[in-house]
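Structure first, commentary second.
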Amino acid sequence: MQILKTYARLFVRDLDTTLPTYEKLVGAPADLRFAFEEAELAAVGDFLLIAGPPEATDRYRATLGPVVVDDLDAVRDFLAATGGTVIGGPLTSATGRFLYARHHDGNEIEYVEWTAELRARVLGATGWAVRNGGDGP
């Protein structure tokens with residue numbers, strides 16, 4: 001299992017008014033933007049903006065991540081070997097497969113395995129090759 005990317009979660013009220021600030025900060029447009037359950041999410045640089053009223057977003061505050069990995073099944077094996085547990089999933093979304101885990105130390109982390117298309121779009125062919133020993137997406 002290899003970690004490909006991590007995000008810092010930021011909770012905001014309105015994505016339309018907040019996202020332009022982070023796009024200017026990062027110097028690039030959002031890599032992705034989509035609705036998830038009752039919230040709206042946008043990834044820009046290493047930030048994941050989670051927008052919506054507190055009643056729609058509060059349940060995501062206790063979980064760290066997302067941590068994007070190359071192999072979600074390997075995450076499950078890692079958790080089993082280190083005393084962690086899967087507390088949700090694996091599930092499928094528009095971005096790929098994901099699960100919620102509790103590590104032996106109590107930290108709860110969201111792990112995501114992106115689709116090949118999303119990996120290539122966000123990480124690019126060069127970033128993918130560097131992270132994977134020269135193999136393309």
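Run the simple label-point estimate for THR82 and ALA28 please: 7 Å along Cα→C-beta, distance reported in nm.
2.6 nm
Say we join alpha carbon atoms closer than 10 Å with springs in a Gaussian network model of the chain; which of ILE87, ILE50, ILE109 then has the biggest fluctuation?
The residue with the greatest mean-square fluctuation here is ILE87.
Could you state the principal axis extents of the C-alpha atoms in the stretch 1-59, from the largest down, to the nearest angstrom?
32, 31, 16
So for the stretch 50-112: antiparallel DSSP bridges make up what percent, rounded to the nearest 5? Walk me through the numbers on the way to the answer.
Numbers: 11 of 15 bridges.
DSSP beta bridges in the stretch 50-112 are roughly 75 percent antiparallel.
What is the spin-label model distance, in nm, from ASP73 to GLU37 if the labels are put 7 Å beyond Cα along the C-beta direction?
Output for this residue pair reads 2.7 nm.
Compute for the chain: radius of gyration divided by Kirkwood radius, i.e. Rg/Rh, restricted to C-alpha atoms, rounded to two decimals. Don't skip to the end; give the middle numbers.
On the way: Rg = 15.2 Å, Rh = 15.7 Å.
Answer for the chain: 0.97.
Kindly write out, for the stretch 86-93 in residue order, the coupling ³J(HN,Hα) from the Karplus curve 6.51 cos²θ - 1.76 cosθ + 1.60 (θ = phi - 60°), rounded to whole Hz, with x marking Gly and Pro.
Result, ordered by residue: 7, 10, x, x, x, 10, 10, 9 Hz.
Percent antiparallel among DSSP beta bridges with both residues in the chain, to the nearest 5?
75 percent
Since every read-out is calculated from the coordinates, none of them should be taken as a lab result. From a predicted model like this one, the values you see are computed outputs, not experimental measurements. Methodologically, a virtual Cβ is constructed for each residue, glycine included, from the backbone with ideal geometry; neighbour enumeration extends over all protein chains shown.
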